[in-house]
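Structure first, commentary second.
The values are calculated or read from the model by the stated rules, or taken from the named source; none is laboratory data. Values in this document were obtained by computation on a predicted structure and should not be read as measured data. Positions of Cβ are backbone-derived with ideal geometry, glycine not excepted, and every protein chain shown enters the neighbour counts. Heads up: the accessible areas ignore ligands, DNA and RNA and are worked out on the full protein's heavy atoms, side chains in. Shrake-Rupley method; radii C 1.70, N 1.55, O 1.52, S 1.80 Å.
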Amino acid sequence: MSSWRTRLLPPLLAIVFAVILTAIALIISGANPLEAYGTMIGQLFKGSTAIDTINLATVYYLSGLAVAIGFQMNLFNIGVEGQYRFAAIVTAIIGGALKLPPVIHVLAILVVAVASGMLYAAIPAVLKVTRGVSEVISTIMLNAIVGGIVAFLVNADQFGVQTGNNIATREIAETGRIPGIPIGSGELFGFVFIAILIGAAYWFMLNRTRFGFELKASGESTTAAAAGGVNAKKMTLIAMLLSGGVAGLIAMPELLGRDFTYGITSTQMYGFTGIAVALLGRNHPAGIALGALLWAFLDRSAVSLEQINVSKEIAVIMQGVIVLSVVIAYEIVRRADLAAEQRRVGRALAGKGSSVSEGGAV
């Protein structure tokens, strides 16, 4: 039985535990925890840190959604990292080569991004439903392969363009870019609003469509879902493709809103961060958004710790503890909730039995 405790209490406990444990680590190292935390929070209100945090959270949010779709089907799509990088390089190459009117150019790029992510996710999906190959193993291997694909395609003999000491794809024309919104000293990605729409679509699909019901039912029990006429293999295939499609959009906020090109030195590891964000958000779009904001805040504010001679890796410790403790916290709260429900049922049965006994005595 789901309740506010099983939804809200676990992530809150995980964050509190992470703060306490990190404070202990700071004290042992000779630093002042209150000063460290105050410095991190204060950094949020300096320069463009707040806007940068939201921009980074947008990327993390898309990554979390991609992972969450797989989680709904009990699929551990650890290949989001490879899927988004493959989509990014393919989209950057095609987007840089296209010459289309403004809106059409952007739409074409987004379609290519989704299709590329789906294509790379289709490999483990087909292996899963036809040969029973674990998606964990196949996607890990594909994550390793994508590095070679990017290196090959960005090569100057292929699609790479040398600019100074850096080599990357051809720059996407202005017609294919998504303009940002200047706020203070920063610029908010225009893709933030697209990410919100994707989150709303994800919520609607899960809670207001038959497909969403079948997806969750298959994730809970493939046997029960099959008894209800749901094809588990078909649902697995679709879930993996949808996860890959969303993964294909992960690099788009930066590609279309800031960098306009993609290369070997482009930021990586967004896919793995999405796993932590999805866990923290309990696969709910609103929870994933909060998890993405928290993760982005820790990443962006960590640099301020060096001002007080504290290692910025403290933020990494906090993130790691959150990931470990959130899983434990969910299980603890779930068991407590289940025990409370069993006690309520026990009292109800005891009361009914007492009523029957009194009626018999009369």
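Dipole magnitude for the chain: computed about the Cα centre from +1 point charges on Lys and Arg Cβ and -1 point charges on Asp and Glu Cβ, it is near 1120 debye.
Relative to the longest principal axis of the Cα atoms of the chain, helix 80-97 runs at roughly 30 degrees. In the range 33-121, the alpha-carbon atoms span a convex hull of 151 Å³ per residue.
Residues ARG210, ARG170 ordered from highest to lowest accessible area at a 1.4 Å probe: ARG210, ARG170. Assign one of three labels to the range 1-84, namely rounded, prolate or oblate, based on the Cα gyration tensor with a ≥ b ≥ c the square roots of its eigenvalues; rounded applies when a/c is under 1.5, prolate when it is not and a/b is larger than b/c, and oblate otherwise. Since a/c reaches 1.5 but b/c is at least a/b, the shape of the range 1-84 is classed as oblate. Neighbours of ILE123 by Cβ distance under 15 Å: Lys/Arg scored +1, Asp/Glu scored -1, total +1.
In order along the range 126-133, phi translates into HN-Hα couplings of 5, 4, 5, 7, 9, 10, x, 6 Hz, rounded to whole numbers, per the Karplus curve 6.51 cos²θ - 1.76 cosθ + 1.60 with θ = phi - 60° and x for Gly and Pro. Straight Cα distances below 16 angstrom link LYS234 to the lysines LYS128, LYS216, with same-chain residues fewer than 8 positions distant left out. To put it simply, the accessible area of the range 171-281 at a 1.4 Å probe is 64 percent carbon and sulfur. Where does the longest stretch of the chain lie that holds no chymotrypsin sites (Phe, Trp or Tyr not before Pro) found in a DSSP loop with 15 or fewer other Cβ atoms within 10 Å? For chymotrypsin sites (Phe, Trp or Tyr not before Pro) (loop position, at most 15 other Cβ atoms within 10 Å), the longest site-free span of the chain is 77-362. Think of the chain as a dipole: +1 on every Lys or Arg Cβ, -1 on every Asp or Glu Cβ, centred on the Cα centre; then among ALA278, PHE211, LEU12, PHE211 lies furthest on the positive end.
Taking the longest Cα principal axis of the chain as reference, the axis of helix 49-72 is set at about 60 degrees.
For the range 128-187, the normalised intensity computed at q = 0.14, 0.30 Å⁻¹ comes to -0.73, -1.13 (log10 of I(q)/I(0), Debye sum over alpha carbons, equal scatterers, no solvent). What is the percent of Cα-Cα separations in the range 64-205 that go past 25 Å? Percent of Cα pairs beyond 25 Å in the range 64-205: 40.
Rg and Dmax of the range 161-204, based on Cα coordinates, read 15.5, 47 Å.
The Rg/Rh ratio of the range 159-241, with Rg taken over Cα atoms and Rh as the Kirkwood radius over Cα pairs, comes to 1.25.
Taking the C-alpha atoms only, the angle from helix 191-208 to the longest principal axis of the chain is near 30 degrees. Here the range 216-362 is assigned +1 on the Cβ of each Lys and Arg and -1 on the Cβ of each Asp and Glu. Its dipole about the Cα centre then comes out at about 540 debye.
With one equal scatterer per alpha carbon and no solvent term, the Debye-computed log10 I(q)/I(0) for the range 81-138 at 0.15, 0.23 1/Å reads -0.51, -0.83. Note on the chain: helix-only mean residue ellipticity at 222 nm, from DSSP H runs of 4+ residues weighted -39500 (n - 2.57) and normalised by residue number, equals -24500 deg cm²/dmol. Think of a 1.4 Å ball rolled over the protein heavy atoms: the chain then has 50 Å² of accessible area per residue. For the range 198-267, a Kirkwood hydrodynamic radius built from all Cα pairs, placed in the Stokes-Einstein relation at 37 °C and 0.692 mPa s, yields a translational diffusion coefficient of 232 µm²/s. At the listed q of 0.11, 0.16, 0.17 Å⁻¹, the Debye profile of the range 206-362, built from one uniform point per Cα, gives log10 I(q)/I(0) equal to -0.73, -1.15, -1.21.
Remark on the range 250-341: Rg and Dmax equal 16.7, 55 Å (Cα only). Computed from the C-alpha gyration tensor, the three semi-axes of the ellipsoid equivalent to the range 34-74 are 31, 14, 4 Å, from longest to shortest.
Ranking ASN231, SER266, ALA201 by how far each Cα lies toward the positive end of the dipole of the range 178-277 (charges on Cβ) leaves ASN231 at the top.
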